[in-house]
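Notes for the one structure printed next.
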Amino acid sequence: MTTQPTISEETIGVWDGRITMRVKVAGAGSPLLYLHPAAGLAWDPFLSHLAERYTVYAPEFPGTSVGDPYAIHQVDDLTDLVLLYEELVRKLGLVKPVVVGQSFGGMLACELAAHFPDVPSALVVLDPIGLWLDEHPVANWIATPADRLPALLFHDPDSPAAQAMLALPEDPERQRAAIAGLVWAFGCTGKFTWPIPDRGLRGRLHRISARTLIVWGRQDKLANVAYAGEFANAIAGSKVAIVDDCGHIPQVEKYDQTVQAADEFLG
Amino acid sequence: MKISLFAQAPYRYLPEDFEQHHESVCDVPYSLTTREGVYSSVRDFMDELMFGARSGFDAVAVTEHGQSSYDMVPNPDLVASALAYMTEAEGIDVGIFPMGRSLGKSREPLRAAEEYAMIDVMSGGRLVPGLVVGLSYDSSINNGVPPIEVRKRFDENLELVLRAWKAQTPFAWNGKFSQYPMVNMWPRPLQADLPTWITGIGNPNTMRMCLERGFGFTYLSWFGAKLTGKRIFDRFWEIADQVSVPRNPYRLGFLQTVAVAESDEQAERDYAEHLEYGFRKGLGSIPMEKLGLPGGIDIRGVQALLKDPGDFGLYYQMKTATYRDLVDAGVVIAGSPATVRDQLREFCREYGIGNLHAMLSFGSLPRHLVMKNIQLFSEEVLPHLRDLWTDTGHQHHWWPERLGGSPGTQQIPANTGLAAAR
């Protein structure tokens, strides 16, 4: 495990000044853009590891920043969302960043790379959503009650890593704020995934020209591992790393294997 | 006071252990039904509404629930249109009150406006149109609208519907959620000013909108009026004071389940098991996450609900609620005619309620007992409530002119856009 680096925050005005993006920044080296999952940004050991080699830029999705929940209402549709993130990359001055995305963030990373093939130098997606197979319907995580989320997200919801990720603050006021924040983050990201997390990405994946690694938990119950092959078939030259005994969040549930796969790919 | 008969169309023959295995919405298995059971549940529901129309109620009211076993009414306008024609043909001066055509879920808002216009024409100007944001599960799971868009869709669709009803000339509608190059409804409503109601369960933003824009507000008291009534109605009138709207009781509606029999003891014998069926297998079997999907409730609303879930009253115990629980919480007001009318009169007087919507059928209650409940209520309760506000001098601006109301003449607070538009 790595120690947590010093994390700073940048705020960048985008979308004609209507949205202020908050970006967590840590590490040193060439740029890496990390796009978080539907639950919002949580700085985890995987990001700390990446920050040892890269300058990690982790923006908070519009509406998920504490104290600024209504920013989401400034973004109408997926096209606007992708344009907004491209603007953010430019304004941060990121030149050919590595783009890493997990789950919802993986879908967003693919959309960014498909709309703007020259933006990423490499793409790493961890159990991304965005495709649909009738024989493997993606679970509706937004409609899943809180007490059933651990079993949906983790192969072993009782593992220490899973428990640590799901832990809530003990102080009642902070706990309520955390729950409301999580619920709202699902709502904000759900604007681009509800009711079926398929906004036509399959038809655009062929445009991705960056080197791509697709990491998937073999026991992912939210998005079946069969989707790894679907992404791989559509993205020319992409590589796949399947992580055993692992659910939807490989960088948390199987940190070592995920880091190894990412390091090998990124070289 | 205006008094409506409100009814739902629950499937009446669910298995005894239904609530241990199923939810009552979205994925409730249709294999539990029989052809005869579905037909009689809906046929009886229509007959009961017509019996109410013939029994002296001021209106007959229904609402909208898709993909649900506790109310098989995916579009209330279908029911309302049948009632509109039947009552017109029979010459019954009764309001036709579809309470909850959901505009938060509607992808065809112009159709909702057209349906209401048509019902107003069919009824000869007796429509009392009710609009609602919509239940979270119905808007988002049954109808696919992202939860965070439901309220915004409602807001936009409401403007379109109101404008389509009133516009004298065709107009183009360039909305975020719908675009129409030419809006020119045929027919328009007969009523120049439709007495429009918004139905809700206590969101202060909805209440404020009703007060500022001159809509009536209907409160659905499913969660137990003895637990929730004071906080909800006090909130409503406090907001009224804040926006300088007179405390006219006729702008407030209250839906209450009522069970009347010859005596208090007989009411329990007649209705207890059917009330328990209704609330355990209906509302009690809708899980919380389906009532408030992430994004459907504003983040500040989520925090407020986590801190104080009081607006939800008995909801959390509903799945196992006994008759006594339901009575004690005020989910139902049950008993002899004297018991019922005293409680209703006191409750409506205390909270300034000028429109009572009595739900007299529930759960598995068989047809003959529904009819008994309607008859006893109409003969021995309703006449004792009607005069509640007559000596106050308030005008009923939220009721059709043909039925004694004076819509379109109410005072709108000067600080709203609507006043400027007048």
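The values are calculated or read from the model by the stated rules, or taken from the named source; none is laboratory data. Nothing here was measured: the structure is a model prediction, and the numbers come from that model. So basically every Cβ, Gly included, is an ideal-geometry build from the backbone, and we count neighbours across all protein chains shown.
From B:Thr169, B:Thr196, which residue is farther than 17 Å from B:Gly295 by Cβ, surrounded by fewer than 19 Cβ atoms within 10 Å (Cβ to Cβ) and of a type in the set (Ser, Thr, Tyr)? Working first, answer last.
Values: B:Thr196 fails: surrounded by fewer than 19 Cβ atoms within 10 Å (Cβ to Cβ).
Answer to the check: B:Thr169.
Is at least one residue of the stretch A:89-105 more than 14 Å from chain B (Cβ to nearest Cβ), polar (S, T, N, Q), farther than 14 Å from A:Pro31 by Cβ and not in a loop (DSSP other than H, G, I, E, B)? Within the stretch A:89-105, one or more residues are more than 14 Å from chain B (Cβ to nearest Cβ), polar (S, T, N, Q), farther than 14 Å from A:Pro31 by Cβ and not in a loop (DSSP other than H, G, I, E, B). Counting residues in the stretch A:225-244 that are more than 17 Å from A:Leu131 (Cα to Cα), out of contact with any helix residue (DSSP H, G or I) (no Cβ under 9 Å at 6 or more places or on another chain) and not in a loop (DSSP other than H, G, I, E, B) gives zero. Among the residues of this structure, B:Leu293 counts as one that is in a loop (DSSP other than H, G, I, E, B) and either within 14 Å of chain A (Cβ to nearest Cβ) or buried (at least 24 other Cβ atoms within 10 Å of the Cβ) (or both).
Being away from every other protein chain (no Cβ under 14 Å), under 30 Å from A:Val82 (Cβ atoms) and buried (at least 17 other Cβ atoms within 10 Å of the Cβ) is true of A:Leu205.
Scanning the stretch B:135-168 for residues that are of a type in the set (Gly, Ala, Ser) and over 21 Å from A:Phe192 (Cβ atoms) turns up B:Ala164, B:Ala167. For A:Thr2, the test of being in contact (Cβ under 8 Å) with a residue 12 or more places away in the chain, part of a loop (DSSP other than H, G, I, E, B) and touching a His at 6+ places or on another chain (Cβ under 6 Å) is passed. Checking every residue in the stretch B:93-105 against the condition of being surrounded by fewer than 24 Cβ atoms within 10 Å (Cβ to Cβ) and within 14 Å of chain A (Cβ to nearest Cβ) gives zero matches. Checked against (1) buried (at least 20 other Cβ atoms within 10 Å of the Cβ); (2) in contact (Cβ under 8 Å) with a residue 40 or more places away in the chain; (3) more than 16 Å from the chain's Cα centre (by Cα); (4) not in a loop (DSSP other than H, G, I, E, B), B:Ser4 passes all but a single condition, namely (3).
Which one of these does B:Arg231 not meet: (1) of a type in the set (Lys, Arg); (2) at pLDDT 95 or above; (3) closer than 29 Å to B:Gly352 by Cα? The single condition B:Arg231 does not satisfy is (2). Restricting the first member to the stretch A:27-41 and to residues that are closer than 12 Å to A:Gly106 by Cβ, and the second to residues that are acidic (Asp, Glu) and modelled with pLDDT of 95 or more, the beta-carbon pairs closer than 9 Å and six or more apart or on different chains are A:His36/A:Glu60; A:Pro37/A:Asp127. Among residues belonging to the stretch A:47-82 that are without any contact (Cβ under 8 Å) to a residue 40 or more places away in the chain and polar (S, T, N, Q), point out the one that is surrounded by the most Cβ atoms within 10 Å (Cβ to Cβ). Among those residues, the one meeting the criterion is A:Thr55. Of the residues making up the stretch B:58-86, those that are in contact with a Gly (Cβ under 9 Å, 6 or more places away or on another chain) and in a helix (DSSP H, G or I) are B:Pro76, B:Ala84.
Taking the conditions exactly as written (acidic (Asp, Glu) and in a helix (DSSP H, G or I)), does A:Glu170 satisfy them or not?
Taking the combined requirement at face value, the residue does not satisfy it.
Restricting the stretch B:272-290 to residues that are part of a helix (DSSP H, G or I) and within 21 Å of B:Pro146 (Cα to Cα), which is nearest to the other protein chains (Cβ to nearest Cβ)? Outline the logic, then answer.
Within the stretch B:272-290, the subset part of a helix (DSSP H, G or I) is B:272-281, B:283-285, B:288-290.
Applying the additional criterion that residues be within 21 Å of B:Pro146 (Cα to Cα) yields B:288-290.
Details: B:Met288: 7, B:Glu289: 4, B:Lys290: 7 Å.
Among those that are part of a helix (DSSP H, G or I) and within 21 Å of B:Pro146 (Cα to Cα), it is B:Glu289.
Counting only residues that are acidic (Asp, Glu) and under 27 Å from B:Pro29 (Cα atoms), how many does the stretch B:54-71 have? Here the count works out to 2. A:Asp198 - would you say it is part of a loop (DSSP other than H, G, I, E, B) and either polar (S, T, N, Q) or crowded, with 24+ Cβ neighbours inside 10 Å (or both)? For A:Asp198, the condition - part of a loop (DSSP other than H, G, I, E, B) and either polar (S, T, N, Q) or crowded, with 24+ Cβ neighbours inside 10 Å (or both) - is not met.
Within the bounds of the stretch B:260-271, is there any residue that is closer than 20 Å to B:Leu227 by Cα and either among the hydrophobic types (A, V, I, L, M, F, W, C) or within 14 Å of chain A (Cβ to nearest Cβ) (or both)? Let's see the steps before the verdict.
Here is the first cut: in the stretch B:260-271, the residues closer than 20 Å to B:Leu227 by Cα are none.
No, the stretch B:260-271 contains no residue that is closer than 20 Å to B:Leu227 by Cα and either among the hydrophobic types (A, V, I, L, M, F, W, C) or within 14 Å of chain A (Cβ to nearest Cβ) (or both).
Is it fair to say A:Lys221 is basic (Lys, Arg), modelled with pLDDT of 95 or more and surrounded by 19 or more Cβ atoms within 10 Å (Cβ to Cβ)? In short, no. A Cβ distance below 6 Å, combined with a sequence gap of six or more or placement on separate chains, defines the contacts here; from the stretch B:298-324, residues that are within 19 Å of B:Lys230 (Cα to Cα) reach residues that are part of a loop (DSSP other than H, G, I, E, B) in the pairs B:Asp311/B:Gly202; B:Phe312/B:Phe223; B:Gly313/B:Phe223; B:Gly313/B:Gly224; B:Leu314/B:Phe223; B:Leu314/B:Gly224; B:Leu314/B:Val331; B:Tyr315/B:Phe223. Selection within the stretch B:296-332: residues that are of a type in the set (Val, Ile, Thr), in a helix (DSSP H, G or I) and within 12 Å of another protein chain (Cβ to nearest Cβ). The member of this set that is farthest from A:Pro172 (Cα to Cα) is B:Ile299. Checked against the criterion of being under 27 Å from B:Phe254 (Cβ atoms) and of a type in the set (Gly, Ala, Ser), the candidates B:Gly52, B:Gly37, B:Gly91 yield just one match: B:Gly52.
Considering the stretch A:158-177 alone, what residues qualify as being within 10 Å of chain B (Cβ to nearest Cβ) and surrounded by 13 or more Cβ atoms within 10 Å (Cβ to Cβ)? Within the stretch A:158-177, A:Gln175, A:Arg176, A:Ala177 meet the criteria. When residues in the stretch B:105-115 are screened for being within 18 Å of B:Val62 (Cα to Cα) and either assigned to a loop (DSSP other than H, G, I, E, B) or touching a strand residue (DSSP E or B) at 6+ places or on another chain (Cβ under 6 Å) (or both), 3 of them pass. Selection over the stretch A:132-157 of residues that are buried (at least 21 other Cβ atoms within 10 Å of the Cβ), aliphatic (A, V, I, L, M) and more than 14 Å from every other protein chain (Cβ to nearest Cβ) gives a count of 1.
Only one of the listed residues (A:Thr212, A:Thr189) is at negative phi, within 14 Å of chain B (Cβ to nearest Cβ) and crowded, with 21+ Cβ neighbours inside 10 Å. That residue is A:Thr189.
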